[in-house]
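Notes follow the structure.
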Amino acid sequence: MKIKICGLKHPDNIAEITALGPDFIGLIFHEKSPRYVGNECSEISTGNFKKVGVFVDETAEKILETALRFGLYAVQLHGAESPEFCRKMKASGLRVIKAFSVGAAFDFGQTFGYQDVCDFFLFDAKGKNPGGNGIQYDWDILKNYVGETPFLLSGGLRPSDAEQVLAFRHPMMAGVDLNSGFEIEPGLKNVKWIERFMKKLTTFKKLPNLNFSPDKRGFYGQFGGAFVPEMLHPNVEELQNRYLEILASPSFQADFDRLLRDYAGRPTPLYLAPSLSERYGCRVFLKREDLNHTGSHKINNAIGQVLLAQRLGKRRIIAETGAGQHGVATATVCALMGLECVVYMGEVDIKRQAPNVARMQMLGATVVPAISGSRTLKDATNEAIRDWINNPENTYYIIGSTVGPHPYPDMVARFQSVISAEIRRQLKQQTGRSDPDLVVACVGGGSNAAGAFYHFLKRKKVRLVGVEAAGHGVDSGKTAATLAIGTPGIIHGSRTFLMQTPDGQIVEPHSISAGLDYPGIGPLHAFLKNCHRAEYLSVTDDEALQAAFLLARTEGIIPALESAHALAALEKLSFRTDEVVVVNLSGRGDKDLETYSTNLEKFQ
């Protein structure tokens, strides 16, 4: 949940507040406000934090001049600014927050013209002032809002309101705007009140019971579903109608369990890492999915889906792959079962993951390069779907992550749930307790994280942290941090968060890790973020590389670049000495040795 602290004007107070780590700091440039920043606050203009300038019916020229002077990240508009005015602000490179004063008779149709030109709406109480009025309103009014632009909840929020904020449910609520209810005097905030409020928003003990399984249409809340071409409806409907029955059958369970044990090598170890534990001041366990046959968690899902495909009478298997681990796992199980295997892989990924390409080919798979778009995972998925459309009768598409149309996200999560089931048993044996305090996993599409989180979703005391690839930085334009900057939309058959332009065109992702280089996210993770059950951090390329070299040189384990992102998140978290932390080490780093070798001198 994003937190914006608004109405600050004293540099010392701003420094204290920014140290708490809010997402945005609001500076009011409306002269009639008692929180008006004024022109004398030169120190504020140099602060290295995300500043939002608040304006009321100001000219575009004055706003842009102020934005340049104060280094504004976004503008918040409280007047009668038109959609065209907002578009002009957005075209200048600024994020745009449009505020609306909400009363019992408010017509949310007023927001429709702003949907494509604003990053957030702010719903404040209707009062006599054009800006904030410091009064509350009935939040149930917001249930009438059905737009797709996320909003910040505002209007006289006080320190005692944290539990009501957590209990309030709206799929597009992205965060809160705190102002007068946290003040000592206008413009001067009580730091302790804000700190306590922020801590309460990151706990889950007060959350109501939630259903983390999809409904009959495949939706987790507003995310998921099955948006597929007409040619694929029979295939998808067959899966929807039969997968639960097949997965529950004794013969399937026996075959699945046997292959996981005797072929994949499960259970994988849960390793207490002494050097990491000493470094972070707690007990850090690594769930060693890298020790699976084929070198990652992907074999769990490949075994499950190939067994399913056989029971559906399919003899030709297609798959997409980014880092190559899913492709290798699929080719491996197809070789075992005597099935034809075609793997689509982006041309860029073929070059940077050459060892895995060679493994797939040795296993008898045909590797087809995707040469459109960014020539990475997104494009490989597009090509696989085209193949499936052209060959619906004899072909089964094994999707490698918790993405795609229903029932794939649920099905893949179920196959990967063996990870968290083992964690619980192994922790009980090693520590006397089944639940850790924290589970950390990297997130691209989200299958290894879904598996690591699965059996902890309803155990509210267990903190769940997913880690996205920030690439060169979340705001750099070269990132794959979908949940940090994405908006709701449809990609590869499901509704979720994705990186897209205001007119719905996919923004090409970037990550040093081929397996995280995806512009979307699994709908389960979109739901977990929206309902605040899990939190999601972002890690840059360099931070991931640093974490990989640290693990190699202190624990003697070379992780996959994907897993290195999860390890890097430990640097961004703080721990008590009695805490138990589990990091899902989703894959081994053989495939990434060329990248590691290139960066060896940089991290000596």
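Select from the range 46-58 the residues that are within 22 Å of Val474 (Cα to Cα) and open to solvent by 30 Å² or more (accessible area, probe 1.4 Å) and write down the one among them that is modelled with the lowest pLDDT. My answer is Thr46. Among the residues of the range 214-242, those identified as part of a loop (DSSP other than H, G, I, E, B) and hydrophobic (A, V, I, L, M, F, W, C) are Ala226, Phe227, Val228.
The rows are residues; the columns are (1) among the charged types (D, E, K, R); (2) in a loop (DSSP other than H, G, I, E, B).
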{"position": "Leu244", "(1), (2)": "no, no"}
{"position": "Asp255", "(1), (2)": "yes, no"}
{"position": "Arg258", "(1), (2)": "yes, no"}
{"position": "Arg261", "(1), (2)": "yes, no"}
{"position": "Arg266", "(1), (2)": "yes, yes"}
{"position": "Lys287", "(1), (2)": "yes, no"}
{"position": "Leu307", "(1), (2)": "no, no"}
{"position": "Lys314", "(1), (2)": "yes, yes"}
{"position": "Glu320", "(1), (2)": "yes, no"}
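A quick yes/no check of all residues on (1) at pLDDT 95 or above; (2) aliphatic (A, V, I, L, M):
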residue: Ile385; (1), (2): no, yes
residue: Ile398; (1), (2): yes, yes
residue: Thr402; (1), (2): yes, no
residue: Pro407; (1), (2): yes, no
residue: Asp410; (1), (2): yes, no
residue: Gln430; (1), (2): yes, no
residue: Ser447; (1), (2): yes, no
residue: Gly451; (1), (2): yes, no
residue: Lys460; (1), (2): no, no
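Residue selection: Ile512 fails the criterion of being under 19 Å from Thr149 (Cβ atoms) and either crowded, with 24+ Cβ neighbours inside 10 Å or not small (Gly, Ala, Ser) (or both). Strands (runs of 3 or more DSSP E) fully within the range 1-104 that include at least 1 residues being farther than 24 Å from Val191 by Cβ: 51-55, 74-77, 95-102. Taken together, Glu31, Glu61, Glu16, Glu84 contain a single residue that is closer than 30 Å to Arg533 by Cα and open to solvent by 50 Å² or more (accessible area, probe 1.4 Å), which is Glu16.
Inspect the range 397-412 for any residue being over 19 Å from Ala226 (Cβ atoms) and among the acidic types (Asp, Glu) and give the result as yes or no. No: the range 397-412 contains no residue that is over 19 Å from Ala226 (Cβ atoms) and among the acidic types (Asp, Glu).
Okay, residues lined up against (1) in a loop (DSSP other than H, G, I, E, B); (2) surrounded by fewer than 23 Cβ atoms within 10 Å (Cβ to Cβ):
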| position | (1), (2) |
| --- | --- |
| Asn356 | no, no |
| Met360 | no, no |
| Gly364 | yes, yes |
| Asn382 | no, yes |
| Ile385 | no, yes |
| Ile389 | no, yes |
| Ile423 | no, no |
| Ala441 | no, no |
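The residues of the range 125-163 that are touching a Phe, Trp or Tyr at 6+ places or on another chain (Cβ under 8 Å), open to solvent by 70 Å² or more (accessible area, probe 1.4 Å) and either outside any loop (DSSP other than H, G, I, E, B) or at pLDDT 85 or above (or both), listed by number, are Asn144, Arg158.
For the range 258-276, a tally of residues being within 28 Å of the chain's Cα centre (by Cα) and surrounded by fewer than 17 Cβ atoms within 10 Å (Cβ to Cβ) returns 2.
Among the residues making up the range 567-591, a single one is in contact with a Ser or Thr (Cβ under 6 Å, 6 or more places away or on another chain) and outside any strand (DSSP E or B): Ser586. When you scan the range 337-349, do you find a residue that is closer than 30 Å to Val580 by Cβ, assigned to a strand (DSSP E or B), in contact (Cβ under 8 Å) with a residue 24 or more places away in the chain and open to solvent by 50 Å² or more (accessible area, probe 1.4 Å), even just one? Looking for residues that are closer than 30 Å to Val580 by Cβ, assigned to a strand (DSSP E or B), in contact (Cβ under 8 Å) with a residue 24 or more places away in the chain and open to solvent by 50 Å² or more (accessible area, probe 1.4 Å), one finds none in the range 337-349, hence no.
The residue that is surrounded by the most Cβ atoms within 10 Å (Cβ to Cβ), counting only those in the range 477-505 that are aliphatic (A, V, I, L, M) and touching a strand residue (DSSP E or B) at 6+ places or on another chain (Cβ under 6 Å), is Ala480. The set of residues from the range 522-554 being assigned to a helix (DSSP H, G or I), over 23 Å from Gly221 (Cβ atoms) and open to solvent by 30 Å² or more (accessible area, probe 1.4 Å) comprises Asp542, Glu543, Gln546, Leu550, Ala552, Arg553, Thr554.
When the range 178-202 is filtered for residues that are open to solvent by 60 Å² or more (accessible area, probe 1.4 Å), among the β-branched types (Val, Ile, Thr) and within 28 Å of the chain's Cα centre (by Cα), only Thr202 remains.
The values are calculated or read from the model by the stated rules, or taken from the named source; none is laboratory data. Nothing here was measured: the structure is a model prediction, and the numbers come from that model. Glycine also receives a Cβ, built like all others from the backbone with ideal geometry; neighbour counts cover every protein chain displayed. Calculation scope for accessible area: heavy atoms of the full protein, side chains included, ligands and nucleic acids excluded. Shrake-Rupley method; radii C 1.70, N 1.55, O 1.52, S 1.80 Å.
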